[in-house]
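Shown next, in structure tokens, is the structure this report addresses.
The values are calculated or read from the model by the stated rules, or taken from the named source; none is laboratory data. Remember, it's a predicted structure, so these values are computed and weren't measured experimentally. Glycine also receives a Cβ, built like all others from the backbone with ideal geometry; neighbour counts cover every protein chain displayed. For accessibility, only protein heavy atoms count, side chains too; no ligands or nucleic acids. Shrake-Rupley method; radii C 1.70, N 1.55, O 1.52, S 1.80 Å.
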Amino acid sequence: MVSRKRVFDLFRTMNVASCQCPAHSHTGNIQVLNSTPSKDYAFEIKCSTVRYGLGVTREVGLDLLNLGAKNVCVMTDPNVVSLSPMKAVLDSLTKNKVNYKVYDKVKVEPSDSSFKDAIKFAKEGDFDSFVAIGGGSVMDTCKAANLYYCDPNAEFLDYVNQPVGKGKPVKVQLKPLIAIPTTSGTGSETTGMSIFDYEEINAKTGIAHTSLRPILALIDPLHTLTVPRNVAIYSGFDIFCHALESFTAIPYTERGPVPENPALRPVYQGSNPISDVWSRFCLQALRKYFNRSVNNPDDIEARSSMHLAATMAGVGIGNAGVHLCHGLAYPIAGNVKEFVPADYGTDPIIPHGLSVTMTAPAVFRFTSVSDPDKHLEAAELLGSNISGKKQVDAGKVLADTILEYMEKMSIGNGLSSLGYTSEDIPKLVKGALPQKRLLQIAPIQQSEDDLTKLLEDSLTIY
Ligand SMILES: NC(=O)c1ccc[n+]([C@@H]2O[C@H](COP(=O)([O-])OP(=O)(O)OC[C@H]3O[C@@H](n4cnc5c(N)ncnc54)[C@H](O)[C@@H]3O)[C@@H](O)[C@H]2O)c1
Ligand SMILES: [Fe+2]
């Protein structure tokens with residue numbers, strides 16, 4: 001007798017081989033749904049409205065008027081507050097006679113206490129809308145402030161991802177949030193994620209819900225012209241890992257279970273044909289513009305293209321997800337010792353993009369067996385010559401490609417350059433283990449020993 005698994009495999013093969021257009025692809029999918037309730041069969045793409053253009057920030061005042069805004073909470077950080085992007089926002093608000101109050105105390109790489117400070121500010125106002133002008137730190141802080149402003153009785157951990165918090169779904173209606181990114185990296189302007197360092201566990205975690213997504217992202221490349229060298233490098237590596245991780249994530253058909261209600265489908269769904277389009281676009285953009293945008297800050301074409309790539313990668317990660325580089329990065333950033341990078345102020349900090357890229361060579365050597373062809377394709381899109389390379393070489397080829405970029409941008413020699421030694425590894429593994437939401441999106445499931453090995457292999461990388 002033919003086994004149940006054999007029947008399922010047959011249906012899957014038929015599905016892949018048959019026409020995938022909406023008109024002809026139904027029958028096979030229904031069969032698969034009935035046969036395998038444990039694996040998902042669908043994915044969805046959600047995204048903020050994105051408006052892109054040089055100088056487009058001048059429209060924000062009119063956007064707020066169109067929303068009927070009467071009292072706007074503008075959030076930024078202590079550095080961006082005195083730069084040209086902030087001036088462009090306030091000029092537009094003033095010109096259009098929109099009332100606003102500014103909160104400029106966002107912490108770079110925010111923590112639960114800095115989130116709470118911003119939430120307190122929001123709760124003391126009577127706001128009907130929010131504008132975030134800054135990098136990922138500002139946009140994430142503003143999303144959290146909006147959420148707890150709209151649900152003032154919620155405990156902070158209610159909405160924080162499990163197992164750190166309760167992971168409660170958001171049911172309250174949030175106020176409109178317009179996000180204006182000033183770095184080219186996080187893509188937070190299109191995602192429903194808000195990331196912070198939870199001081200109690202020395203690791204990052206976050207709040208993930210589609211309601212947190214800004215209603216409008218104004219992508220204005222003019223803002224990137226003031227971005228200093230190291231911010232351009234580290235946020236560029238954030239795009240790099242977003243694109244690579246969502247491209248290599250577990251396919252959405254392999255992730256389960258099927259949600260009981262479509263509203264419960266997770267934010268991170270695994271790789272899919274649409275997020276792959278964004279990832280491929282980004283990898284090619286990085287190949288063409290990453291070096292140029294770092295080495296010539298006035299190269300408006302390169303800086304604009306990186307800005308757009310960041311948003312596109314954000315759409316990819318916002319739906320497909322990121323996995324091991326990010327899961328491991330959260331304790332790497334959270335346990336910072338004395339590392340103080342140039343261009344980020346005077347406090348010890350491991351910028352997000354730096355923390356994610358440190359383990360990337362080890363991670364992609366590890367994941368390559370899941371889909372060697374896709375790993376080779378990623379290396380090629382980033383500029384490597386893969387002719388004659390075999391599937392068995394895929395991990396090394398992609399890792400070497402990543403290392404070449406890292407070396408060119410003078411990234412230090414692995415975790416040891418950030419002050420970590422082998423004695424720190426158990427602590428870093430302990431911080432990575434609760435990041436289940438991310439680790440599950442890896443194309444290969446990992447043991448604690450695997451995580452230890454990935455970190456050990458990342459202590460020195462060249
Ligand atoms: N929500 C998401 O989807 C998501 C995704 C990835 C990362 N993140 C989070 O985003 C944060 C990192 O954000 P980031 O990399 O955008 O940097 P950032 O917001 O932390 O800013 C880094 C530095 O650059 C400065 N800066 C920002 N824009 C500038 C400009 N135009 N000119 C001059 N200086 C400028 C800031 O003042 C700060 O000193 C981390 O907390 C990370 O965890 C969130
Ligand atoms: Fe990131």
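Please report the carbon-and-sulfur percent of the accessible area for the chain; probe 1.4 Å, protein heavy atoms only, DNA, RNA and ligands left out.
That share works out to 54 percent.
Return the percentage of antiparallel bridges among DSSP beta bridges fully within the chain, rounded to the nearest 5 %.
Working: 6 of 27 bridges.
For the chain, the DSSP antiparallel bridge percentage is about 20.
With the simple model of a label 7 Å out from the Cα in the direction of the Cβ, residue 116 to residue 387 spans 6.1 nm. Between residue 71 and residue 292, the modelled label-to-label distance comes to 4.8 nm, taking each label 7 Å out from Cα in the direction of the beta carbon. When the Cα atoms of segment 226-457 are aligned to their principal axes, the ranges along those axes come out at 48, 42, 41 Å in descending order.
Charged neighbours of residue 396, selected by a Cβ distance under 13 Å, balance to -1 (K, R count +1; D, E count -1).
For the listed peptides 182-194, 43-55, a ranking on the average number of other beta carbons within 10 Å per residue, highest first, reads 182-194, 43-55.
Solvent-accessible surface of the chain, taken per residue with a 1.4 Å probe and all protein chains present: 42 Å². Among residues other than residue 347 with Cβ under 15 Å from its Cβ, the summed charge is -3 (Lys and Arg +1, Asp and Glu -1). How big is D, in µm² s⁻¹, for segment 55-219 by Stokes-Einstein at 20 °C and 1.002 mPa s if Rh is the Kirkwood radius over C-alpha pairs? For the chosen part, D equals 138 µm²/s.
Just need the relative contact order of segment 226-457 here, percent rounded to a whole number, with Cα pairs under 8 Å and 6+ apart.
Values: 359 pairs, mean separation 61.0, N = 232.
In percent, rounded to a whole number, it is 26.
Apply 1/(1 + (r/R0)^6) to the Cβ-Cβ distance of residue 449 and residue 200, taking R0 = 35 Å, and write down the FRET efficiency to the nearest 0.05. Mind showing how you got there, number by number?
Details: r = 26 Å, r/R0 = 0.75.
Working from the Cβ atoms, E equals 0.85.
Gain on full extension, evaluated as 0.36 nm per residue between residue 346 and residue 156 minus their Cα-Cα distance, stands at 65.5 nm.
What number, in percent, do you get for the relative contact order of segment 55-219 if the mean sequence gap of Cα pairs under 8 Å and at least 6 apart is divided by its residue count? It would help to have the intermediate numbers written out before the result.
Working: 340 pairs, mean separation 37.9, N = 165.
Worked out over segment 55-219, it gives 23 percent.
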